[in-house]
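One structure is given below, encoded as structure tokens.
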Amino acid sequence: MRILLVEDDELLGNGVYTGLGQDGYAVDWVKDGEAAELFLRSGEYELVILDLGLPKRSGVEVLRDLRAAGNEIPVLILTARDSIEDKVVGLDSGADDYMIKPFDLEELNARIRALMRRRSGRAEATIRHGDLVIDPASHTVEQTGKPVELSPREFTLLQKLVDNAGRVMSRGQLEQSLYSWKDEVDSNAIEVHIHHLRKKLGSKLIRTVRGVGYILDKESDEE
Ligand code: CA
């Protein structure tokens, strides 16, 4: 999953950037409001973590423009402890959630998962697909009740395919959710991860659609 982090505080920004990267998220980090708007226009993000006190353009301005343009991407705002009014203005401007600095990375992670769950219309914390049970909180997967070891990127890739079951995902779309702007991506990186997923979960789960991408079929009883 690809996240845009907008934070001008080096220490905090670096902590969030590194922490979320280790959890398998693809994170792009920008440090002012103008860069945020540029990146939001050009990149395909699934979530924005937005500091409110930013150089060039404030987080609230960025947020208002985003919503005015009809962009409904989940936005989690970051505010300082002494500026509670900012939080209210941010929520009124279309933020989905907020965190007060300093905060715990695990809590940030839990809120990200909750936002994505809400976005996908799922009430449950785990995702079921056929004989798979995927738990985004613990990054664990079980197949017919047995745990399967996946790397963070394999996990992210599997989750992306399950979230989009029934839809063909192009290699580019999958790369976008796995790698940030700065990562150097081998041209066959996705193929390699798919190969590993097939070895671990069975060869029939993910189908190749030649020349287009990959698809994980919808369950027949699923709408
Ligand atoms: Ca700031």
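The values are calculated or read from the model by the stated rules, or taken from the named source; none is laboratory data. In this text, all values refer to a predicted model and were calculated from it rather than measured experimentally. Counting neighbours? That spans all protein chains shown, and the Cβs are built from the backbone with ideal geometry, glycine included.
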(request) Among the residues of the range 127-143, write down those that are farther than 16 Å from Leu197 by Cβ and either at pLDDT 95 or above or of a type in the set (Ser, Thr, Tyr) (or both). (result) Ser138
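Okay, residues lined up against (1) touching a strand residue (DSSP E or B) at 6+ places or on another chain (Cβ under 7 Å); (2) surrounded by 14 or more Cβ atoms within 10 Å (Cβ to Cβ); (3) over 30 Å from Asn71 (Cβ atoms):
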residue	(1), (2), (3)
Ala114	no, yes, no
Ala189	no, yes, no
Arg198	yes, yes, yes
Val209	yes, no, no
(request) Scan Asp86, Asp82, Asp23, Asp9 and give me the residue that is touching a Leu at 6+ places or on another chain (Cβ under 6 Å) and of a type in the set (D, E, K, R). (result) Asp86
(message) Any residue that is under 18 Å from Ser180 (Cβ atoms), more than 11 Å from the ligand (Cβ to nearest atom) and not in a helix (DSSP H, G or I) - is there at least one of those in the range 12-24?
(response) yes
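Of the residues that sit in the range 32-58 and are assigned to a loop (DSSP other than H, G, I, E, B) and over 14 Å from Asp8 (Cβ atoms), which one is farthest from the ligand (Cβ to nearest atom)?
Result: Glu44.
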(request) Name every residue in the range 59-86 that is within 16 Å of the ligand (Cβ to nearest atom), surrounded by fewer than 19 Cβ atoms within 10 Å (Cβ to Cβ) and within 17 Å of Leu4 (Cα to Cα), in order of residue number. (result) Glu61
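Residue-by-condition table, conditions (1) outside any loop (DSSP other than H, G, I, E, B); (2) within 30 Å of Lys146 (Cα to Cα); (3) in contact with a Ser or Thr (Cβ under 6 Å, 6 or more places away or on another chain):
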residue: Gly70; (1), (2), (3): no, no, no
residue: Val88; (1), (2), (3): yes, no, no
residue: Leu91; (1), (2), (3): yes, no, no
residue: Met99; (1), (2), (3): yes, no, no
residue: Glu107; (1), (2), (3): yes, yes, no
residue: Arg113; (1), (2), (3): yes, yes, no
residue: Arg117; (1), (2), (3): yes, yes, no
residue: Arg122; (1), (2), (3): no, yes, no
residue: Ala125; (1), (2), (3): no, yes, no
(request) Could you please find all residues in the range 31-58 being over 16 Å from the mean Cα position of the chain (by Cα), buried (at least 20 other Cβ atoms within 10 Å of the Cβ) and under 19 Å from Leu108 (Cα atoms)? (result) Asp51, Leu52
(request) Considering each residue of the range 1-11, count those that are within 16 Å of the ligand (Cβ to nearest atom) and either touching a residue at least 40 places away in the same chain (Cβ under 8 Å) or assigned by TED's automatic domain parsing to the domain that holds Val162 (or both), and give that number. (result) 6
(request) Using the structure shown, decide if Ala114 is more than 15 Å from the chain's Cα centre (by Cα) and farther than 16 Å from Leu197 by Cα. (result) no
